[in-house]
Amino acid sequence: MNHDNFEIKKLSKSEEIISNLSKSKIGKVFNLVMEGTPYVNIVYSGIVGSIEKKKLLLFLDAWMNKKIDDRFDENDHRQIELMNHGILKSLRCNKDGQIQQIVNILNWKYQDEIESFNDAEDLINIVSELSGNEARVLERIYAILKGKIAVEEEKKSRASRSQITITKRGAIYVSQSELESEIPAFKERLDFFLGRLEGKGLIKEKSVDTYDDLNNEDKKYIVTFTGNMLFQSLNNEKLFRK
């Protein structure tokens, strides 16, 4: 097949990525997964469409940039299975930033920072399904809670801490009125997005019985274990950088 006249628009780094793949573990595994069909042909043939080709290259480029190959065991079935899941979900993402975050999650799991492969798979699923608006609301929730936790921790001690665990601090929450103040453009639709995030298991409405004030009409939310784990895995990066 002659590739001389084939062009992939906006992919100036594609040849470099493919060249690096030939020396990588993921390249070898990817080749085997495709039953012997060279991954170069996967990228340059009609097996996947032009949009999917771009997404695949973005995934592979992010993988190589984070040097995940150094931690990837091509003989570990679970690692291979999770990598394949990450690739398939990346091909269905609408935003480049989602693909970057899927790679971040894989990187965190291969560093044993995520307890189980099932947890990592759940996080990949969540990121691939988040809309840009949902991501923005979730980021503001986390930013507000993180700020409150930092204040509380500073009151207790000035000792350094390596990680914030929101779920262990049930008294710290973000109210809907706080969010409306932070992102006023979302005021009319905030109930909808909060419901979507709660449905994905990332936040949870704080029980009315545990409110410490009389303004029970102002809904209050805490971040769940899964929501906190998602942010930890992103290493302080925004959910969708692009």
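The numbers here are math on the coordinates, done by the rules we state, and not lab data. This structure is a prediction, so every number in the text was calculated from the model and none was measured. Every residue, glycine among them, receives a Cβ derived from its backbone with ideal geometry; neighbour counts consider all protein chains shown.
Determine ³J(HN,Hα), in whole Hz, for all residues of the range 195-207 in sequence, where each value follows from phi through the Karplus function 6.51 cos²θ - 1.76 cosθ + 1.60 and θ = phi - 60°; x replaces Gly and Pro. Each residue of the range 195-207 in turn: x, 5, 5, 5, x, 7, x, 9, 9, 9, 5, 6, 4 Hz. Loop-resident GluC sites (Glu not before Pro) (DSSP state other than H, G, I, E or B) in the range 69-147 with no more than 10 further Cβ atoms inside 10 Å of their Cβ: 115.
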